Amino acid sequence: MTRADILSQWESIAAFQAISTPRRIRLADYGKNAAQYGIVRGPAWDFVEISHRADTVVFAGLNGATAASSTSTTAQVPTPDGTPIFSIFHTTPLSIYTRATSLSLQAAGATAVSVSIRLGRY
């Protein structure tokens, strides 16, 4: 008997570079973008965790939302279609259960930030 609440497949991107312009990763696409980062092809991911150690903020948008650093608040800023944009500080990684098909990341400031991304599927 299997448990439905345990993630059975994990993938990670250890050093994705978030820069001052938004960069998108297609997580569930069968195209070359996902394979470039070593992500196993397949359906959408059920869990996303994003963390970094820089002294700046990284903004993340999921499932088609483009990350934007135009507002530097800790609150979620909804996009026109209602998808939130998340602020990620170095002391508080983002861990969220969602059906993730793409991820957009942008660093606040002029320097690149090395971001760690973990993905999980049931």
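Every number here is computed from the coordinates shown, using simple stated rules; none is lab data. Quick caveat, the model's predicted, so the values are computed rather than measured. Don't worry about glycine lacking a Cβ; one is built from the backbone with ideal geometry, like all the others, and counts go over all protein chains shown.
Remarks
- Taken along the Cα-to-beta-carbon direction at a fixed 7 Å, the label points for ILE19 and HIS90 span 2.1 nm.
- Peptides ranked, highest mean first, by Cβ atoms within 10 Å: ranges 10-17, 113-120: 113-120, 10-17
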